[in-house]
1. Failed condition for Val150, given (1) in contact with a Ser or Thr (Cβ under 9 Å, 6 or more places away or on another chain); (2) crowded, with 18+ Cβ neighbours inside 10 Å, with all others met?
2. Using beta carbons and a limit of 7 Å, which pairs, at least six apart or on different chains, have the first residue in region 163-191 and closer than 15 Å to Phe36 by Cα and the second one assigned to a loop (DSSP other than H, G, I, E, B) and of a type in the set (Ser, Thr, Tyr)?
3. Looking only at region 17-58, how many residues end up being more than 14 Å from the chain's Cα centre (by Cα), closer than 24 Å to Arg132 by Cβ and assigned to a loop (DSSP other than H, G, I, E, B)?
4. Taking the residues in region 118-147 that are buried (at least 18 other Cβ atoms within 10 Å of the Cβ) and free of Cβ contacts under 8 Å to residues at least 40 places away in the same chain as candidates, determine which candidate is nearest to Leu187 (Cα to Cα).
5. Answer yes if at least one residue in region 65-82 is touching a residue at least 60 places away in the same chain (Cβ under 8 Å) and either crowded, with 16+ Cβ neighbours inside 10 Å or not in a helix (DSSP H, G or I) (or both), and no otherwise.
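FYI, it's all coordinate maths here, none of it is from the lab. Source: prediction; values computed, not measured. Reconstructed Cβ throughout: ideal geometry from the backbone, glycine too, with neighbour counts over all protein chains shown.
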Amino acid sequence: MTTPYESGRVGLLLVDLVNENFSKDGKAHSIYAPEFQRLGTIDHLKRLVAGVRRHEDVPVFYSTTAFTDEDYSTWRHVSGIHRQMFDNRMFEAGTWNTEFHPELAPEPGDVILAPQKGLDVLHQTDLEFQLRQRGVERLAIAGVSGIMAVESTARTAMERGYHVTAFTDAIAAPGGLVTYQAMMRGLTMVSHSVVSVDEFLASLDKPAG
């Protein structure tokens, strides 16, 4: 369902569009590459961002993950996903890996959030402050990983009273079709709308009411 969004109330959150995930030399790229190719994720993301930027009253928020030497060596309790990242020194702060992919990078006027170290962008960064500053009540979320950071953030946003939109073609997770289907079921449960990029952009172009 593509209900028109109220002007000035919707924002787009882009999760971890960095070289680590989206460039072929990134340490995580190989686990996402099959899904990027199957879904056309990068092209969909590019079209999504370009389409949203045509609407000056729709802010774009970029979140990134970054770890320091101290993080890698001093965390007392390391979860499975963090162990995988720490063992491979993924998302190392200040390196090329945590820079935005050049085809998906922010432009002037976009909001770059404080780096996160966990999975939930709302819990880990200044996102909620930035949303409130701009009057955003409807949050669309795209990026990776759909079964980690995207779903965690969508769940928290829903619980905090935001209207949440997820995407069928601009969110990816490793694992192929079976994981994708499970991801879609999970996102459907914690979102108010799950649509394609084209459907979302069409809804932005329709006058509310």
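1. Status for Val150: all satisfied but (1).
2. Phe167/Ser196; Thr168/Ser196; Asp169/Ser196; Ala173/Ser145
3. 4
4. Here the answer is Ile147.
5. yes
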